[in-house]
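This report concerns only the one structure given below.
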Amino acid sequence: LSKFAGDLHGSIRGPYAVVTGNKKLGIKPDGGATQTITLTEGAARTTDQVVTDINATLTGAVADNFLGWLRITTNTKGAAGSIAIDTTVADTAHGLFWAGADAPATARAGRDDCPFRHCVRTTVTAAL
């Protein structure tokens, strides 16, 4: 069986109104230190634009556009890999991408194995 990376999918599709007060996203790959990403301000930022902002400085993980939603995936496959959003970052932008109860409160871990064929869907990060 294959190992699968941990990932987080947004619950709100773009475009996003990124303004002062909600332009920083704290991302914690593999339980490491919070990496604070500053997003470019704009009234209608697309998912692709946000992905470009994140990938310009994020290490240990990658962001992509998953059918219009933001997705962030750790580079570490298996149970040792995880991804989390630090919602305590000042001027946090997490509310732009995750609504209410969908906000990621805990790290999303990878798996060392998956008994279901559909598990592979969470590891595809290359552009089609």
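The values are calculated or read from the model by the stated rules, or taken from the named source; none is laboratory data. Quick caveat, the model's predicted, so the values are computed rather than measured. Cβ placement follows ideal geometry from the backbone for every residue including glycine, while neighbour counts extend to all protein chains displayed.
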| task | Evaluate the following for G6: is it among the small types (G, A, S) and part of a strand (DSSP E or B)? | result | yes
| query | Residues in region 59-66: is at least one in a loop (DSSP other than H, G, I, E, B), of a type outside the set (D, E), touching a strand residue (DSSP E or B) at 6+ places or on another chain (Cβ under 6 Å) and over 18 Å from W98 (Cα atoms)? | reply | yes
| task | Those residues that are under 12 Å from the mean Cα position of the chain (by Cα) and small (G, A, S), I need them from region 6-34; list them, please. | result | G6, G10, S11, G26
| task | For region 23-63, name all the residues that are surrounded by 15 or more Cβ atoms within 10 Å (Cβ to Cβ), touching a residue at least 60 places away in the same chain (Cβ under 8 Å) and either more than 18 Å from I12 (Cα to Cα) or touching a helix residue (DSSP H, G or I) at 6+ places or on another chain (Cβ under 6 Å) (or both). | result | K28, V62
| request: Determine if region 82-97 includes at least one residue that is modelled with pLDDT under 80, closer than 18 Å to A33 by Cβ and surrounded by 11 or more Cβ atoms within 10 Å (Cβ to Cβ). | output: no
| Out of (1) closer than 15 Å to G95 by Cα; (2) crowded, with 19+ Cβ neighbours inside 10 Å, what's the single condition that is false for F4? | (1)
